[in-house]
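Written out below as structure tokens is the structure these notes cover.
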Amino acid sequence: MAKKFIRQREQREKRRIARERVETLFTLAERVYPYEPELANRYVEIALAVQQKAKIRLPRKWKRRYCKRCHSFLVPGKNAVVRLRSRPYPHVVMKCLNCGHVMRYPYLREKKMKRGKKD
Ligand SMILES: [Zn+2]
């Protein structure tokens, strides 16, 4: 019984460290991107490896900042194109200019939340 609790605490600690590392790596990626985009991509690779190993979720902030296919760090206006589309459903289109991969993110929930606030 006691052992189980210790293991749980260890797991929590591991995840906390992993989250910190992911945060640091993405922050670094953003910082070095203008000078060394290759290094930024490397940081993304490492951050994703850490995230997968610790089985944690990526913070919302960074979730859409990399390409799901080639794992490049994406900077709108630099190596990514961002467009809003309302049909067939409201979504953000993000295209990676490195590999041409297109990602779509619905923003229906955000829209509904906005509407909810107005009422
Ligand atoms: Zn890509």
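Every number in this text was worked out from the coordinates using simple rules, so none of it is lab data. Quick caveat, the model's predicted, so the values are computed rather than measured. Positions of Cβ are backbone-derived with ideal geometry, glycine not excepted, and every protein chain shown enters the neighbour counts.
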Check your understanding: Between Pro88, Pro37, Pro76, which gets the highest mean-square fluctuation from a Gaussian network model of the chain, Cα cutoff 10 Å?
Key -> Pro88
**Study point:** Angle between the chain longest axis and helix 37-54 axis [Cα atoms, degrees, rounded to 10]
**Key:** 50 degrees
Revision key, fill the gap. Each label sits 7 Å from Cα toward the beta-carbon; between Lys68 and Lys14 the label points are separated, in nm, by 2.7 nm
Check your understanding: How many lysine pairs in the stretch 1-63, separated by 8 or more positions in sequence or lying on different chains, have Cα atoms less than 28 Å apart?
Key -> 13
Exercise for review: Taking the dipole about the Cα centre of the chain, with the C-beta of Lys and Arg at +1 and of Asp and Glu at -1, give me whichever of Phe5, Pro76, Ala47 is farthest to the positive side.
Suggested key: Phe5
Point to revise | Per-pair calculated FRET efficiency, R0 = 35 Å: Lys3 and Arg31 via Cβ, rounded to 0.05 | key: 0.25
